[in-house]
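Trainee: The structure is given below, and queries will be raised subsequently.
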Amino acid sequence: MQRITLTMPLALAALAFWLVLTVGGRWLEADTQQTLADAAAGGIGLSWALAALFSLAVLAASRRHCAAGLRAPHPARSLWLAWPPLVYALLMLLLAWASGWPGPGMLLIAACNAALVAVSEELMFRGVLLQGMLRRHALWPAVLGSSLIFGLVHTANGLATGEPGAALWQAAAAAMQGVGYAAIRLRTRSAWTMVPVHALWDFALVSAMLGELERTTQADDSVSVLPFAALLAVLPLCLYGVYLLRPSQRAALMADQEARPGAGDR
């Protein structure tokens, strides 16, 4: 099998096609503009499934797919580094449950879509894009660049849902969240580490939004606090990512990226 090298231009090209699948696919699937919560609970998203498969295929076809994160966490004990975002996700899930969940059918569909989105985004942004940027840039520029792009991509939700204000808050939160997620991916050497946490986080957020929509079926002028709460919640995760990538760790991480090209990737 002819393998590819994940250069930065190739990673950006893959991201562009990924956007066509996700944003364009959602636009084609929906007859009218939908809120993010409605889209996540309205049916299994084919576009999200295709985007997840595409991200996986790109990583699997790369020469250094293990270095790009397509491997189990190594060493296994590094999994404990994911506990802060996991605790946050569980707390958000608890708050969503306490405030009232929608019906089980909607929750099941939302859970399936959250899992698809988590696989798709983690493999694309913390796998393909981060690896491509690391081939050209030092560690911090690569982490910040991939995280900012991760945030910018979330502004596309405003085009798909007709909620540009909420999309901007979500984009800012996603960019900060991306720093923490990228740090954990690098320290655990696996793009899979944050997939369950990412899925749980998205499911908690969507279920809270669905519950809020059910409680406000009568039109009123109330403003949702969810975007503000999400933004404040991810700030400590961003700072945690900065701590994980402190100077004493960066040299070892970059050496791991540069050592033995192709080793373990066959």
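Trainee: Which numbered condition in (1) closer than 15 Å to V234 by Cβ; (2) hydroxyl-bearing (S, T, Y); (3) surrounded by fewer than 24 Cβ atoms within 10 Å (Cβ to Cβ) is the only one that S147 fails?
Mentor: The number of the failed condition is (3).
Trainee: Quick check: is even one residue across the stretch 214-235 at pLDDT 80 or above and either of a type in the set (D, E, K, R) or part of a helix (DSSP H, G or I) (or both)?
Mentor: Checked against the condition, which is being at pLDDT 80 or above and either of a type in the set (D, E, K, R) or part of a helix (DSSP H, G or I) (or both), the stretch 214-235 yields at least one hit.
Trainee: Criterion first (modelled with pLDDT of 95 or more and part of a helix (DSSP H, G or I)) does L56 satisfy it?
Mentor: yes
Trainee: I've got another one for you. Taking L130 as the residue in question, decide whether it is more than 17 Å from V23 (Cβ to Cβ), assigned to a helix (DSSP H, G or I) and in contact (Cβ under 8 Å) with a residue 24 or more places away in the chain.
Mentor: yes
The values are calculated or read from the model by the stated rules, or taken from the named source; none is laboratory data. It should be emphasised that the depicted structure is a prediction, and the values quoted were computed from it without experimental measurement. Neighbour counts are summed over all protein chains in view; Cβ atoms, including those assigned to glycine, are modelled from backbone coordinates with ideal geometry.
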